[in-house]
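The values are calculated or read from the model by the stated rules, or taken from the named source; none is laboratory data. Since the structure is predicted, the reported quantities are computational estimates derived from the model, not experimental observations. Here the Cβ is made from the backbone with ideal geometry for all residues, glycine too, and neighbour counts use every protein chain on show. These accessible areas exclude ligands, DNA and RNA; they are computed on the full protein's heavy atoms, side chains included. Shrake-Rupley method; radii C 1.70, N 1.55, O 1.52, S 1.80 Å.
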Amino acid sequence: MLDISIKKFNELSLNELYELLKLRSEIFVVEQNCVYQDLDNKDKKALHVIGVANDTMVAYTRIFGPGDYFSEASIGRVAVSEQYRRFGYGKEIMVSSIQGIKDNFKEERIKLSAQTYLIKFYTSLGFKTVGEEYLEDGIPHIQMLRN
């Protein structure tokens, strides 16, 4: 079971900021072999959903209110450390992120840009695909929406 917290950017400790950027880099840059600009000036607007197990940050998302990223509320940078994926932490961090949007933004409608290999995972959380597949930073993605 994860210890999950949701924090504004200015509530993050330096260590938490370092750990979340390290986790995102490990997955989205190194593991997926994708060179892209992770620091996109959106972290300051986001709420950061942090999952800790054994005193280690192992899961993370960032959530946005309507208009901060998409016109709908949204979830992005969904990351679970590779060695912890078999424990269901992806589902835990997503359920907390969905609840975080409901609690903080009073929204039910949530949009995300999913890597296509994760469609089944997001569908299991109530998301539906919208539109056509597209490439984002060289990786196949599709928009998904949850009402």
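Things to note:
- Cβ-derived FRET efficiency at R0 25 Å, residue 119 paired with residue 31, nearest 0.05: 0.85
- When the pairs 22/128; 91/111; 7/120; 106/128; 8/128 are compared against a 25 Å limit on Cα-Cα distance, 22/128; 7/120; 8/128 fall above it.
- When segment 33-125 is reduced to its Cα atoms, the Kirkwood hydrodynamic radius in Å: 13.9 Å
- Accessible surface of the chain, 1.4 Å probe, proportion on carbon and sulfur as whole %: 50 percent
- Accessible area per residue for the chain is 56 Å², calculated with a 1.4 Å probe on protein heavy atoms, without ligands, DNA or RNA.
- Pairs of Cα atoms nearer than 8 Å and 6+ residues apart set the relative contact order; for the chain it is 20 percent.
- Each Lys or Arg adds one and each Asp or Glu takes one away; over the other residues whose Cβ falls under 13 Å from the Cβ of residue 68, this sums to +2.
- The protection proxy used here, the mean number of other Cβ atoms lying within 10 Å of each residue, ranks peptides 129-136, 92-99 as follows, highest first: 92-99, 129-136.
- Annotation: amide H-H contacts under 5 Å for residue 45 (H modelled 1.01 Å from N, sequence separation of 5 or more, or interchain): none.
- Sorting 111, 22 by solvent-accessible area of protein heavy atoms yields 22, 111, largest first, with a 1.4 Å probe.
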